[in-house]
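**Student:** Can you keep this structure in mind? I'll have questions shortly.
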Amino acid sequence: MNNIFAERLKQAMEQKNMKQIDLVKKAAEQGVKLGKSHVSQYLSGKTTPRSEILNFLATTLGVETEWLKGTEVSVDTLKKETNEAGIQMENMKFDYNYNNMKENTRETVEEVQVREFKKSSKLNNVLYDVRGPVVEEAARMENAGTQVLKLNIGNPAPFGFRTPDEVIYDMRQQLTECEGYSPAKGLFSARKAIMQYAQLKKLPNVTIEDIYTGNGVSELINLCMSALLDNGDEILIPSPDYPLWTACATLAGGKAVHYICDEQAEWYPDMDDIRKKITSRTKAIVIINPNNPTGALYPREVLQQIVDIAREHHLIIFSDEIYDRLVMDGAEHISIASMAPDLFCVTFSGLSKSHMIAGFRIGWMILSGNKAVAKDYIEGIKMLSNMRLCSNVPAQSIVQTALGGHQSVESYIVPGGRIYEQREFIYNALTDIPGITAVKPKAAFYMFPKIDTKKFNIVNDEKFALDLLKGKKILLVHGGGFNWHQPDHFRVVYLPRIEVLKEAAGKIRDFLEYYQQEI
């Protein structure tokens, strides 16, 4: 049915002489939530809309809802279509013996009704374009033999970043001891090392029982949102964001309310915008520091303002700090929980980025501060933690090794180090292109450049990313993939070596010399 809907949507749009952007604008005028990514997925046949969006599309395009949906297709029509595919459904016959071999076997034609299984409606407003339609097109191109340069995902290993030898050695030594389940929260040795790390970061009121390991921070974000949010509860999430936060909040039944991070102010959160968006349903605020996708690092005065707002409105603070050891220019990362001993805070971190072991899937969260106000919520966290039994035990076994002793990542983030020098190069190379500006990142390994939409006639940033992919074989993520609602940004991962980044920047420059978006 998805393909029928997609074809009829295209047909109705052509008859009305409407393009994707026209539908998006109409939806905005009527207060209907419809993004460019949604329309693209409908037209590709990947998804079908929920009833509210379906009725909006039918009304706007002047067609019947049932026709657009394709549900009036008759059984005969379906049979005809499947016959054309080579399946002879109407000729299928089933033998039945009704008289216990007293009568001859009789053949009767039985209509076959195919049950269609659709994805949950809870996924209707969930997008994860870091691995979305543009990435799928890149995979198709690669399968056809095209080489694609992937600057879309923060995965260090493919770019030559290696796990410290000591970490690999210690995992091998302990592997035979990691065959069984660990306690649900994690191995004692891992949690003890994380607790000591929390002490160094000055997180208040933390015991070993307040630490949970997970299969990456991603699993723990999902767990926290599921344990906290009832239908209609609101949570403040930055825009741009790491889209998993919005997705997990939505799947849990909550409403992700995006507060703006201000590009003119080093991508720091806009405090006035945060205050305007707090309601009686707001339960928590999320910060991502250091930030993905902008590379921003929040100073103490910014964090203090967020703490003050959370204190005033009795909010939980969720702080995603997975890049806290990838800070450059002599700056210091400050954990916001260290500034809020009277508030309940959950701090997330892990080894995927700092120790270049993204595939090992080892992250953690630390509960700190005023845990008394969150007793029932913590019981929910424990329940969900127990339900998944435990996180990856071999990866837990090397947490103590990784957090103690020499930190090899430090050599990457100083002048002469790979991440530092690659940041310097890509920032200068891209901002030297007419029509591209950027705030220089201070941490992590991402940059979120701004593109002059008027100069290039860009109204759809996903199409820009797709056009660049097809034209120059470079894979980026458009700003909309990070819940940024203007079509004027994209994210670059600067993990490749300088010679690769040089080639990529040259191709982007060449592409933009002639690019004018056609919608």
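The values are calculated or read from the model by the stated rules, or taken from the named source; none is laboratory data. Since the structure is predicted, the reported quantities are computational estimates derived from the model, not experimental observations. Reconstructed Cβ throughout: ideal geometry from the backbone, glycine too, with neighbour counts over all protein chains shown. Accessible surface areas use protein heavy atoms only, side chains included; no ligands, DNA or RNA. Shrake-Rupley method; radii C 1.70, N 1.55, O 1.52, S 1.80 Å.
**Student:** Using the Kirkwood radius over C-alpha pairs as Rh, can you work out the diffusion coefficient of the stretch 231-333 via Stokes-Einstein at 37 °C, viscosity 0.692 mPa s, in µm² per second? If you can, show how the numbers build up before the last one.
**Tutor:** Details: Rh = 13.9 Å.
Answer from the Stokes-Einstein relation: 236 µm²/s.
**Student:** Take every Cα-Cα pair in the stretch 407-519 and report what % of them are more than 24 Å apart. Don't skip to the end; give the middle numbers.
**Tutor:** Working: 1485 of 6328 pairs.
Summing the P(r) tail past 24 Å for the stretch 407-519 gives 23 percent.
**Student:** Continuing with the same structure: Using a basic spin-label model with each label point 7 Å from the Cα along Cα→Cβ, how many nm lie between K455 and R388?
**Tutor:** Label-label distance for K455 and R388, simple model: 4.3 nm.
**Student:** Which parts of the stretch 503-518 would a label at K470 reach, counting a residue when its backbone N lies under 11 Å from a point 7 Å out along Cα-to-Cβ?
**Tutor:** Residues passing the 11 Å test: 518.
**Student:** Now for a different question. What is the distance in Å between the Cα centroid of the stretch 222-285 and that of the stretch 386-436?
**Tutor:** 26 Å
**Student:** Can you send over the solvent-accessible area of R162, 1.4 Å probe, protein chains only, in Å² to the nearest 10?
**Tutor:** Counting only protein heavy atoms, the figure is 150 Å².
**Student:** Extension gain Y169-N143, at 0.36 nm per residue separation less the Cα-Cα distance, in nm? Walk me through the numbers before you get to the answer.
**Tutor:** Numbers: separation 26, 0.36 × 26 = 9.36 nm, distance 3.56 nm.
Full extension of this stretch gives 5.8 nm more.
**Student:** How would you classify the stretch 182-273 from its alpha-carbon gyration tensor, with a ≥ b ≥ c the square roots of the eigenvalues: rounded for a/c under 1.5, else prolate if a/b is greater than b/c, otherwise oblate? Mind showing how you got there, number by number?
**Tutor:** Values: a/c = 2.58, a/b = 1.49, b/c = 1.73.
Note, shape of the stretch 182-273 comes out oblate.
**Student:** Something else: Give the ranking of M447, M339 by solvent-accessible surface, highest area first, calculated with a 1.4 Å probe. Present the calculation step by step, with values, prior to reporting the outcome.
**Tutor:** Numbers: M447 0, M339 25 Å².
Largest to smallest exposure gives the sequence M339, M447.
**Student:** If eta is 1.002 mPa s and T is 20 °C, what Stokes-Einstein diffusion coefficient results for the stretch 232-281, Kirkwood Rh from Cα pairs, in µm²/s?
**Tutor:** Details: Rh = 11.3 Å.
Roughly 190 µm²/s, to the nearest whole number.
**Student:** So which trypsin sites (Lys or Arg not before Pro) in the stretch 262-367 pass both tests, a DSSP loop state and at most 16 other Cβ atoms within 10 Å of the Cβ?
**Tutor:** Details: sites: R275, K276, K277, R281, K283, R300, R311, R325, K353, R361; in loops: K277, R281, R325, K353, R361.
Filter output for the stretch 262-367: K277, R281.
**Student:** Continuing with this model, one more query. Can you send over the solvent-accessible area of V114, 1.4 Å probe, protein chains only, in Å² to the nearest 10?
**Tutor:** Answer for V114: close to 120 Å² accessible.
**Student:** Under 19 Å from the 7 Å Cα→Cβ point of S189, by amide nitrogen: which residues of the stretch 370-391?
**Tutor:** 390-391
**Student:** Per the helix-only calculation at 222 nm, which mean residue ellipticity applies to the chain, given -39500 (n - 2.57) for every DSSP H run of n ≥ 4 and division by its residues, nearest 500 deg cm²/dmol?
**Tutor:** On the way: 20 runs with 204 residues, N = 519.
My calculation for the chain gives -11500 deg cm²/dmol from helical runs alone.
**Student:** In Å and on Cα atoms, what radius of gyration and Dmax does the stretch 140-233 show?
**Tutor:** For the stretch 140-233, the Cα radius of gyration and maximum Cα-Cα distance read 19.0, 55 Å.
**Student:** Now for a different question. Once the Cα gyration tensor of the chain is found, what semi-axes does its equivalent ellipsoid get, as square roots of 5 times the eigenvalues, in whole Å, sorted largest first?
**Tutor:** Semi-axis lengths for the chain are 43, 31, 25 Å.
**Student:** Relative to the longest principal axis of the C-alpha atoms of the chain, give the angle of the C-alpha long axis of helix 133-143, reported between 0 and 90° and rounded to the nearest 10°.
**Tutor:** 80 degrees
**Student:** Here is a follow-up. Report the extension gain between E503 and K19 in nm, rounded to one decimal, defined as 0.36 nm multiplied by the number of residues separating them, less their alpha carbon distance. All intermediate terms of the calculation are to be shown ahead of the outcome.
**Tutor:** Numbers: separation 484, 0.36 × 484 = 174.24 nm, distance 3.44 nm.
Full extension from E503 to K19 adds 170.8 nm.
**Student:** Run the numbers for F117 and K46: contour at 0.36 nm per residue of separation, minus the present Cα-Cα distance, in nm. Write down the numbers at each step before the final one.
**Tutor:** Details: separation 71, 0.36 × 71 = 25.56 nm, distance 1.34 nm.
Value of the extension gain: 24.2 nm.
**Student:** Also: What is the diffusion coefficient of the stretch 325-452 in µm²/s, taking the Kirkwood radius over Cα pairs and the Stokes-Einstein relation at 20 °C with a viscosity of 1.002 mPa s?
**Tutor:** Numbers: Rh = 17.8 Å.
Rounded to a whole number, D works out at 120 µm²/s.
**Student:** Amide H neighbours of W267 under 5 Å, at least 5 residues apart or on other chains, H built in the peptide plane: list them.
**Tutor:** Amide H neighbours of W267, under 5 Å, 5+ apart: D262.
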